[in-house]
Amino acid sequence: MESLYVFLLRWDIPIFFIATISLIVGIVRLFQARYVMQRAMFSLEREYARNTRQSGTSLFFVSAVAIAGLWYVNQFVAPTLPPELLMVPTATLDPLETPFASPSPAAPATETIEARRGTPVLVPTATLDPVFLDEPPETPTPDDAPRPPTRAPVQAFIPEGGGCTPGINISNPRPDSVQNGTVNFIGTATHPEFEFYGLELAGPGTGEDWINILGGGVFDPVENDVLGTVNLNALEEGDYRVRLTVFGGGAEEEGRCQIPIVIGIAAEEESENSFPDEIPIQTPAPPTETPLDTEADG
């Protein structure tokens, strides 16, 4: 029975259009039969009028029942169906399988700051002589104790454009960034009518079709946290688009955020804020002695 309801909900607009046309045709046939019946002079004309009236009546009632049934299913049955039945099936990318040759291991796109810093170099520090006070300082009471300054909460990065909002956004990876290997998609997927969200990707490796890279909908809201983890090695290099969509009750779309990314191997370049592998320490050279001229003047 649920499959019948899903069929009616997915094709309700074409069915309603056809039923409306049939209803109008039935009404026209009824008026046509009445017109012929009032002016019929022979039995053959009256027989034709009766047949036209019967067909018009049948067409009118069937169309009316179809329209009433569609209204009932949309108003009372659709809210009770699970959202999974109303979702349009999309192709799902399996990160563990690829129809082509296995990709070669990719070099890491970025290096962490800790790796660039290397082993810290210890520098000798000066030691101060202790200073003794005649009287120990008074210990401040809890009311007089200084309180650490409060910091304002850090606001997550929100991409510009693409429909991104504070409640629906992708903060990592950044737009137009180069990604490969296993990527953690971080962002926010919340809404007052939240039911579930989906994370999709489209580009050269998908034939420009949107595919669900999480294998289905996620039914827990996320706020500035990991939306999903995906291995991108199975995709060919190129420009891609990532789309986060939040759905509400009845699988209705409440909002989306779309950003562009590039799948490939980033060039190994030193950024302006990179740290050197080692901090050189300048050691002064020892002074050299200049020999004195000991020969006597002749």
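The values are calculated or read from the model by the stated rules, or taken from the named source; none is laboratory data. No experiment lies behind these values; they were computed from the predicted model shown. Backbone-built Cβ (ideal geometry, glycine too); neighbour counts: all protein chains shown.
Just checking, does the range 224-231 include any residue being in a loop (DSSP other than H, G, I, E, B), within 22 Å of residue 264 (Cβ to Cβ), touching a Leu at 6+ places or on another chain (Cβ under 9 Å) and not acidic (Asp, Glu)? Reasoning before the result, please.
As a first pass, look at the range 224-231 and keep what is in a loop (DSSP other than H, G, I, E, B): none.
No - not one qualifying residue is present in the range 224-231.
In the range 60-80, the residues that are surrounded by 16 or more Cβ atoms within 10 Å (Cβ to Cβ) form Cβ pairs under 6 Å with partners that are of a type in the set (S, T, N, Q), at six or more places apart or across chains, as follows: 63/22. Annotation: of all residues in the range 34-54 being surrounded by 15 or more Cβ atoms within 10 Å (Cβ to Cβ) and part of a helix (DSSP H, G or I), the one that is modelled with the lowest pLDDT is 37. Residues in the range 202-259 that are in contact (Cβ under 8 Å) with a residue 60 or more places away in the chain and in contact with a His (Cβ under 7 Å, 6 or more places away or on another chain) were compared, and the one that is farthest from residue 170 (Cα to Cα) is 254.
Per-residue answers, yes or no, for (1) within 26 Å of residue 235 (Cα to Cα); (2) at pLDDT below 60; (3) over 13 Å from the mean Cα position of the chain (by Cα):
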site: 125; (1), (2), (3): no, no, yes
site: 140; (1), (2), (3): no, yes, yes
site: 148; (1), (2), (3): no, yes, yes
site: 153; (1), (2), (3): no, yes, yes
site: 157; (1), (2), (3): no, no, yes
site: 171; (1), (2), (3): yes, no, no
site: 192; (1), (2), (3): no, no, yes
site: 212; (1), (2), (3): yes, no, no
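Every test in (1) assigned to a strand (DSSP E or B); (2) out of contact with any Lys or Arg (no Cβ under 8 Å at 6 or more places or on another chain); (3) surrounded by 16 or more Cβ atoms within 10 Å (Cβ to Cβ) is passed by residue 184 save one, and that test is (3).
Within the range 260-269, the set of residues being in contact (Cβ under 8 Å) with a residue 24 or more places away in the chain and in a loop (DSSP other than H, G, I, E, B) comprises 264, 265, 266, 268.
Among residues that are over 19 Å from residue 160 (Cα atoms) and either in contact (Cβ under 8 Å) with a residue 40 or more places away in the chain or of a type in the set (Lys, Arg) (or both), residue 186 is not included. Determine if the range 21-33 includes at least one residue that is free of Cβ contacts under 8 Å to residues at least 60 places away in the same chain, surrounded by 14 or more Cβ atoms within 10 Å (Cβ to Cβ), within 30 Å of residue 70 (Cβ to Cβ) and hydroxyl-bearing (Ser, Thr, Tyr). There is at least one residue in the range 21-33 that is free of Cβ contacts under 8 Å to residues at least 60 places away in the same chain, surrounded by 14 or more Cβ atoms within 10 Å (Cβ to Cβ), within 30 Å of residue 70 (Cβ to Cβ) and hydroxyl-bearing (Ser, Thr, Tyr).
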